[in-house]
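Read the figures in this text as sums done on the coordinates, not as results from a lab. Since the structure is predicted, the reported quantities are computational estimates derived from the model, not experimental observations. So basically every Cβ, Gly included, is an ideal-geometry build from the backbone, and we count neighbours across all protein chains shown.
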Amino acid sequence: MTEVNPNFLLSFWLVLSAYWPVLSAFSFLALPVLISMADFLPGFKASNKKVIALENQPSSCEDFSVLVPIYGNIKYLENLEFLKTCARQVFLCTTASESAQFYQELNALSKEHGFKILKASIDRGTQASKRATTAPIRDAIMREAIQHISSRYVVCLDADSWPERDFRYYVGAMHKHNIEVTSSCLVPINKKTFLGKLQVIEYLLSMKLRRIIPWLVSGGCHAASTEAYKAIMTKHSMFFQGNDVEVGVLATRMGFNVGYIPFKVNTSVPDTLKSWYRQRYAWSGGEWRLGMANIKLALQFPMFFFYLSAIMLGMFPIRWISVWYSPWILPYVYLIYIAIVGILCRKNFSWFVVIYPLYSFFNSLIMTPLGFFAYFHMSIQHSNWGQIDLNRQRSINEKSVLKTLDPVYVQEEFINNPDKTNIFIN
């Protein structure tokens, strides 16, 4: 057996100890450094031609539909007041496995406000009354719903989000700049709580990334040409967490023109520890799905995967070891982090910048490792490992909408035959 030279081990440990603070600082500061590129590298930002600025008198376009997935309970439809303002363009998209009461309430909304309803052939099983954070229900609904849209553009809007301005300006900017897939700028609306104030900063930094990485599509609200969205959803893996970014990845790989439009959309964020943890646990699973299970995409998206795969996920053991062996560096990292985040948030400064590094610290040390277990749990539970593959063709029920029916008849059909083939309400 070959003997190991103890002097070599000692030398190796000394060198490693000497450079450990550098590795630790690099690991903790990776996120703000990457985000700061949006402000501190104007040359790079200027070279990105897909960053769209909304004019004071923007172009408008009326040829669009708004798809709103809603299932489980009507109470989740938090943007009803906004939807009333563009009712003739709204499609409420649901499943074939909801309760009779749900269908009755949904039909009542349709009759009162003129919404259209799309019912997709999706069996949710025994958990139909619950809101799912891991099941691919939303994307399965949208995959079928988009097949029955005839407008030129489609806006996909979550039930807890609504824009500050009319969507015709959002779509108008797409049309003017020939953008086929675009994200929006999400703004937390419930910002008075402790968690809400921290998430305001988090979302602000996250939205800055869209300036230099426009295909980081926001799940709460994004838009696309109907043609592009149809093509994308036939290739979508149907893995829920990371589903929004997958839309952007597929759009880029399929050659569609992807751009970021800073169109502000208000969205609800978790304001209790339980709901926040539940969401972030699922999100962390999506990060592992994208960063590790789909590492094959790194050559096409090197900057994003270097941060996500190498820095955020790959270096989390170093962060833990740094905390254990070099805790003295944490105050320095904390102060530097405050300075950088404060500069990045200078236009919307909040004293919660002082607390934000601790919030980020918890996400980095606790939630990131948990994502490994979340990813495997979701993959096994739904028999789907979330592989993004352009060669995969998803089967779509293109006959899910039979005909236009009278709302009163539809209401009776929903109540008496809740599992009947999908119905479209005009």
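Under the classification rounded if a/c is under 1.5, otherwise prolate if a/b is larger than b/c and oblate if not, where does the range 251-301 fall, given a ≥ b ≥ c as square roots of the Cα gyration tensor eigenvalues?
Values: a/c = 4.54, a/b = 1.35, b/c = 3.36.
In terms of gyration-tensor shape, oblate.
Which residues in the range 80-107 place their backbone N less than 20 Å from a point set 7 Å from the Cα of ARG165 along the Cα-to-Cβ direction?
Those under the cut-off are 82-87.
State which entries of LYS75/LYS116; LYS119/LYS191; LYS192/LYS347 exceed 24 angstrom in Cα-Cα distance in the structure shown.
Details: LYS75/LYS116 18 Å; LYS119/LYS191 34 Å; LYS192/LYS347 19 Å.
Cα-Cα > 24 Å for LYS119/LYS191; rest within.
Can you give the translational diffusion coefficient of the range 79-125 in µm²/s, computed by Stokes-Einstein from the Kirkwood radius over Cα pairs at 10 °C and 1.306 mPa s?
142 µm²/s
Search the structure for amide H atoms under 5 Å from the amide H of GLU62, placed 1.01 Å from N in the peptide plane, and list their residues when 5 or more places away or on another chain.
Amide H neighbours of GLU62, under 5 Å, 5+ apart: none.
Just check the range 252-393 against the gyration tensor rule for me: Cα atoms, a ≥ b ≥ c as the square roots of the eigenvalues, rounded for a/c under 1.5, and otherwise prolate or oblate depending on whether a/b exceeds b/c. Working shown, then result.
Details: a/c = 1.62, a/b = 1.35, b/c = 1.20.
Prolate shape, in that a/c is at least 1.5 and a/b is the bigger ratio.
Name the residues whose placed amide hydrogens come within less than 5 Å of the amide hydrogen of CYS185, ignoring near sequence neighbours (fewer than 5 apart) on the same chain.
Amide H neighbours of CYS185: PHE263, LYS264, VAL265.
Students often check this: by mean Cβ neighbours within 10 Å, which of 218-229, 63-74, 274-285 ranks highest, and how do the rest follow? Write out the running numbers ahead of the final one.
On the way: 218-229: 23.3, 63-74: 21.3, 274-285: 17.2.
With the highest mean Cβ count within 10 Å placed first, the list reads 218-229, 63-74, 274-285.
Does a label point 7 Å from the Cα of ASN391, set along Cα-to-beta-carbon, have any residues of the range 246-269 with amide nitrogen under 18 Å, and which are they?
Counting backbone N atoms under 18 Å from the label point, the list is 250, 253-254.
Residue by residue through the range 344-358, which ³J(HN,Hα) values in whole Hz follow from phi under the Karplus form 6.51 cos²θ - 1.76 cosθ + 1.60 (θ = phi - 60°), with glycine and proline marked x?
Whole-Hz 3J(HN,Hα) from phi for the range 344-358: 5, 9, 4, 7, 10, 5, 9, 5, 5, 4, 5, 8, 3, x, 5.
Give the shape of the range 111-253 as rounded, prolate or oblate, defined through the alpha-carbon gyration tensor: a ≥ b ≥ c are the square roots of its eigenvalues, a/c under 1.5 means rounded, and otherwise the shape is prolate if a/b is larger than b/c and oblate if not.
Working: a/c = 1.37, a/b = 1.10, b/c = 1.24.
Rounded is the answer for the range 111-253, as its axis ratio a/c remains below 1.5.
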